[in-house]
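We did not get these values from a lab; they are worked out from the coordinates using the rules stated. No experiment lies behind these values; they were computed from the predicted model shown. For neighbour counting, all protein chains shown are included, and Cβ atoms are generated from backbone atoms with ideal geometry for every residue, glycine included.
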Amino acid sequence: MKSGFMLPFLFCALFAVSARAEAVRNGNELALSFSRADAPGKAALQKESEGRLFTFRFLKIIRIDPGPTGGLPVYTTIEPSSDLTVILHPQGGVSRQVAATAATNDCLAANGRLARLGTPSGTLVIEPAVLRSKDRAAPKGEKELLPEIDSTAVK
C-alpha cells in the first residue's frame, strides 16, 4: 500500500528536478553592453545571446508598420539607455490587447526571443515577441510596484 503512494510521488519529484525553464535575461542590459562593446566584444555578445529569451522595458515606439496579412503590426522602438533600435514582431492574445491601444511615442514592456543582434548596425530584432503592457519612459526613482506597471496585476 505504501509503495503505491511513493512511486507517483517519486516520479513527480524527479520530473520537477529535471524540468527547467529557460532563463529570461535583461534586454536593456544587453543593449547597453552591445552599444559599449568593441568589435570582438560585439561578436561575442551576438554569438552568446541570439536565440535566447530577453525582457525589455521602457521601449519608446518610433514607428508602427503593418505586419503580415492578418497579423499584428511590427513595432520599431528605441531602447533608452543605449539608443539602439529594437524591432518587435509581436504574437499572441496578450500582444493583441496591448497593440490595440499602442501608438507612436508610447512606451512598451516586452518579452521575446532575440532573432538578430546588430544587423543592420545597432538593431535588435525580437521575434516572436509578447507585448506585456504599456510602460513608463524611464525607471522610477524609488521602489516600483507591479500594479504601477501593469493595471491587470493583483493589488
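Here are the numbers:
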| read-out | value |
| --- | --- |
| Residues whose placed amide H lies under 5 Å from that of ASP106, excluding near-sequence neighbours | ILE61 |
| Rounded to whole Hz, the Karplus (6.51, -1.76, 1.60) HN-Hα couplings of the range 111-121, x for glycine and proline | 10, x, 9, 6, 7, 9, 10, x, 10, x, 3 |
| Unit charges at the beta carbon, dipole of the range 23-138: most positive-side option, PRO90, PRO120, LEU30 | PRO90 |
| Calculated from backbone phi, Karplus (6.51, -1.76, 1.60) coupling profile of the range 31-43 in Hz, x at Gly/Pro | 4, 5, 4, 5, 5, 8, 7, 7, 4, x, x, 5, 5 |
| Potential lengthening between ALA43 and ARG136 on full extension [0.36 nm per residue; Cα-Cα distance subtracted] | 30.3 nm |
| Electrostatic dipole magnitude of the chain [Cβ: Lys, Arg +1; Asp, Glu -1; Cα centre; debye, to 20] | 340 debye |
| Distant-in-sequence amide H partners of ARG52 (H built 1.01 Å from N, under 5 Å) | LEU114 |
| Karplus 3J(HN,Hα) series, Hz, for the range 124-140 with 6.51 cos²θ - 1.76 cosθ + 1.60 (x for Gly, Pro) | 10, 10, 9, 8, x, 10, 10, 7, 6, 5, 6, 9, 7, 7, 8, x, 6 |
| The chain - mean residue ellipticity at 222 nm from DSSP helices (-39,500 (n - 2.57) per run, n ≥ 4, rounded to 500) | -9000 deg cm²/dmol |
| The chain: projected area of the alpha-carbon convex hull, averaged over directions, in nm² | 13.6 nm² |
